[in-house]
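Down below is the structure, laid out as structure tokens.
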Amino acid sequence: MNCIFCSIISGDIPSKKVYEDEICFAFLDINPQAPVHCLIVPKAHIQSADEVNEENACVVAHIFSVIPKIAKELGLSAGYRVVTNIGEDGRQSVKHLHFHILGGKQLSENMA
Ligand code: AMP
């Protein structure tokens with residue numbers, strides 16, 4: 001499968017790694033939309049949050065248990081935003097489930 005995030009996880013494409021364990025991988029976004037912009041992805045290829053089901057929901061639960069640790073590591077003590085884009089209307093450009101962790105300033109009120 002030709003997936004850029006799978007290649008980042010395997011190390012075939014370099015990234016600025018922030019965190020890794022057996023279930024997930026986090027790295028800095030190459031085109032940051034905020035002073036701090038990190039992505040966290042499951043190592044298993046799940047296309048998007050729309051593909052989450054009873055079998056793989058534990059992966060997402062794990063990711064959400066890791067996000068506060070990463071936020072602390074990145075100095076986001078004043079708060080941050082977690083976003084996942086889904087499909088064409090959701091403007092998902094990489095078809096491997098990922099959560100954006102955005103912060104480092106007070107973010108826009110706009111969500112859409
Ligand atoms: P989305 O539009 O929600 O699918 O987000 C995909 C994100 O992946 C974008 O914010 C891109 O800047 C980011 N991205 C794409 N390629 C890379 C890469 N090689 N390293 C780090 N981030 C990337």
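Using a 1.4 Å probe over the heavy atoms of the protein chains, calculate the carbon and sulfur portion of the accessible area of region 4-103 as a whole percent.
Looking at region 4-103 in its full context, I get 51 percent from C and S.
When only C-alpha pairs under 8 Å and at least 6 residues apart count, what is the relative contact order of region 51-112, in percent?
On the way: 34 pairs, mean separation 18.6, N = 62.
About 30 percent, as a whole number.
Can you tell me the accessible area per residue over the chain, all protein chains present, probe 1.4 angstrom, in square angstrom?
Heavy-atom SASA per residue in the chain reads 63 Å².
Rank these by accessible area, largest first, 1.4 Å probe: Glu109, Glu73.
On the way: Glu109 175, Glu73 145 Å².
Heavy-atom accessible area, descending, gives Glu109, Glu73.
Can you give me the relative contact order of the chain as a percent, contacts being Cα pairs under 8 Å and 6 or more apart?
Details: 158 pairs, mean separation 34.3, N = 112.
Once divided by the residue count of the chain, the mean separation gives 31 percent.
With all protein chains present and a 1.4 Å probe, how do Lys43, Lys16, Lys105 order by accessible area, largest first?
Working: Lys43 60, Lys16 145, Lys105 115 Å².
Ranking Lys43, Lys16, Lys105 by accessible area, largest first, yields Lys16, Lys105, Lys43.
Kindly express, to the nearest 10 degrees and within the range 0 to 90, the angle between helix 57-73's C-alpha long axis and the longest C-alpha principal axis of the chain.
In the chain, helix 57-73 runs at an angle near 30 degrees to the longest axis.
Which value at 222 nm does the chain reach when only helices count, each DSSP H run of 4 or more adding -39,500 (n - 2.57), with the total divided by all residues and rounded to the nearest 500 deg cm²/dmol? Numbers along the way, then the final one.
Details: 2 runs with 24 residues, N = 112.
It lands at -6500 deg cm²/dmol.
Out of residues 5 or more away from Cys24 or on other chains, whose amide H comes under 5 Å of its own, with H placed 1.01 Å from N in the peptide plane?
Answer set, sorted by chain and number: Lys43.
The values are calculated or read from the model by the stated rules, or taken from the named source; none is laboratory data. These figures come from a predicted structure and were not determined experimentally. These area figures cover heavy atoms from the full protein model, side chains too; ligands, DNA and RNA do not enter into them. Shrake-Rupley method; radii C 1.70, N 1.55, O 1.52, S 1.80 Å.
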